[in-house]
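The values are calculated or read from the model by the stated rules, or taken from the named source; none is laboratory data. What you are looking at is a predicted structure, and each value in this text was computed from that prediction instead of being measured. Note that we place each Cβ from the backbone using ideal geometry, even for glycine, and neighbour counts take in every protein chain shown.
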Amino acid sequence: MASELAPRPWSLAPGCARAHWRNCWTPSGDQIGRLAVDQALRVRGVPDVYATGDIARAYADDDRLALMSCQHALTMGRFAGYNTARDLLGLPLRAYRQPRYVTCLDLGSWGAVFTTGWDRQVEMTRGEAKQLKRQINCQRIYPPTGDRAAILAAAALDAGSGDKSLQDEIRTYFGE
Ligand SMILES: Cc1cc2nc3c(=O)[nH]c(=O)nc-3n(C[C@H](O)[C@H](O)[C@H](O)COP(=O)(O)OP(=O)(O)OC[C@H]3O[C@@H](n4cnc5c(N)ncnc54)[C@H](O)[C@@H]3O)c2cc1C
């Protein structure tokens, strides 16, 4: 009955519960339990289901797989939601792309290190980077609540892109 009532397609984002979900289909999982998806984030072999975040083995660019990280989960979630809705409406889908990558590593009382790029160029250290780390952990990883316009704006695929200043880069990575 549930399958008759469920709208199709739908998005799957169970995070660390991936092993259970993988067992539902087993079409295309990798050695750490992620489901292979195509560029639109559709599960390979199960085209009515979009996977996002930790459960999805998705390419962020031509060569790099998305990591199990907030940074990738947030952006993939936008794409999966967008494509699920577009699919329901019969509209063209958009390929998930996230070529830019940052890290912000907390090093305790010393401070933190913020890097950009997959080769991890150091951009910020110590107190300044620590402040950013706190901002990320306490604010940026949480979606807005309450205000409908703010929620929809945060879901926009291109939110924050286009400007190259460091603060804008950071905003881009976290989709602001
Ligand atoms: C201890 C720890 C520290 C981390 N630190 C960092 C960090 O510093 N930086 C970073 O980028 N990443 C970090 N990560 C990774 C990051 O948290 C994940 O990559 C990210 O949360 C993945 O998002 P997601 O939406 O895919 O999954 P999740 O955030 O795990 O969300 C999945 C949701 O689905 C729900 N769910 C599961 N099964 C079902 C079900 N059957 N029915 C309904 N709901 C279900 C879960 O309850 C959960 O709310 C950390 C992870 C851990 C565990």
request  = Give me a count of the residues in the range 88-137 that are within 16 Å of the ligand (Cβ to nearest atom) and acidic (Asp, Glu).
outcome  = 1
Condition check for ALA73: over 17 Å from ARG8 (Cβ atoms), surrounded by 19 or more Cβ atoms within 10 Å (Cβ to Cβ) and assigned by TED's automatic domain parsing to the domain that holds GLN135 = no
query = Which of the residues belonging to the range 107-122 are in contact with a helix residue (DSSP H, G or I) (Cβ under 6 Å, 6 or more places away or on another chain) and within 27 Å of ASP63 (Cα to Cα)?
reply = VAL113, PHE114
remark   = Expected single match for basic (Lys, Arg) and at pLDDT below 95 among ARG120, ARG100 is ARG100
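For the range 138-158, which positions are away from the ligand (no atom under 16 Å from the Cβ), without any contact (Cβ under 8 Å) to a residue 60 or more places away in the chain and surrounded by 13 or more Cβ atoms within 10 Å (Cβ to Cβ)?
Restricting attention to the range 138-158, the residues satisfying the condition of being away from the ligand (no atom under 16 Å from the Cβ) are 144, 146-153, 156-158.
Subsequent filtering for residues that are without any contact (Cβ under 8 Å) to a residue 60 or more places away in the chain retains 144, 146-153, 158.
Within the range 138-158, PRO144, ALA153 qualify.
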request  = Mind telling me which of the residues VAL43, VAL122 ends up being under 27 Å from ILE151 (Cβ atoms), without any contact (Cβ under 8 Å) to a residue 40 or more places away in the chain and of a type outside the set (Asp, Glu)?
outcome  = VAL43
inquiry  = Of all residues being within 11 Å of the ligand (Cβ to nearest atom) and small (Gly, Ala, Ser) in the range 65-87, which is nearest to the chain's Cα centre (by Cα)? Just the residue, please.
reply    = ALA73
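I need a count of the residues in the range 99-142 that are small (Gly, Ala, Ser) and assigned to a strand (DSSP E or B).
The number of residues fulfilling the criteria is 1.
Counting only residues that are touching a helix residue (DSSP H, G or I) at 6+ places or on another chain (Cβ under 9 Å) and within 19 Å of PRO99 (Cα to Cα), which one in the range 55-64 is surrounded by the fewest Cβ atoms within 10 Å (Cβ to Cβ)? Write out each step before concluding.
Filtering the range 55-64 for residues touching a helix residue (DSSP H, G or I) at 6+ places or on another chain (Cβ under 9 Å) gives 55-56, 58, 60.
Keeping just the survivors that are within 19 Å of PRO99 (Cα to Cα) gives 56, 58, 60.
Numbers: ALA56: 28, ALA58: 24, ALA60: 20.
Going through the qualifying residues, I end up with ALA60.
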key: Within the range 39-54, tally of residues that are crowded, with 20+ Cβ neighbours inside 10 Å, of a type outside the set (Lys, Arg) and not in a loop (DSSP other than H, G, I, E, B)   = 6
task = Exactly one condition in (1) in the same structural domain as THR125 (by TED's automatic domain parsing); (2) touching a Pro at 6+ places or on another chain (Cβ under 7 Å); (3) among the hydroxyl-bearing types (Ser, Thr, Tyr) is not met by THR84; state its number.
result = (1)
key: Residues satisfying the stated conditions in the range 83-98, i.e. outside any helix (DSSP H, G or I) and aliphatic (A, V, I, L, M)   = LEU89, LEU91, LEU93, ALA95
